[in-house]
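To keep things clear, I will list the structure first and then write my remarks on it.
The numbers here are math on the coordinates, done by the rules we state, and not lab data. Worth saying up front: this structure is predicted, and the values here are computed from it rather than measured. All Cβ positions, even for glycine, are placed from backbone atoms using ideal geometry, and neighbour counts span all protein chains on display.
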Amino acid sequence: MIETIVTPLKENFDMAVSLPAKYIGKEVHVLFFIEEEVDKTSATITPKKLPSDFFGILNKEEGQKFDQHIQQMRYE
């Protein structure tokens with residue numbers, strides 16, 4: 001993969017690209033984006049949460065209130 005940062009100084013400009021020999025004849029993707037538009041946090045991969053990861057975050061009283069609230073929502 002090749003990454004190059006370009007700062008255009010006008011709306012229309014020509015850009016010469018030198019590619020390695022192994023890229024010739026292959027489908028090459030070109031992507032333009034503005035650095036400020038990229039959400040840097042989305043690049044990190046977060047592991048999936050398991051139900052066991054949430055064990056103990058509610059105390060018994062909070063758990064009962066939450067369960068009652070869920071039951072009430074189901075009946076509505």
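Seen against the Cα atoms of the chain and their longest principal axis, helix 60-75 is set at about 80 degrees.
The label point for HIS29 and the one for MET15, both projected 7 Å from the Cα toward the Cβ, are 1.6 nm apart. Across every pair of non-identical alpha carbons in the chain, the mean reciprocal distance, once inverted, gives a Kirkwood radius of 19.2 Å. Taken along the Cα-to-beta-carbon direction at a fixed 7 Å, the label points for LEU50 and GLN72 span 3.4 nm.
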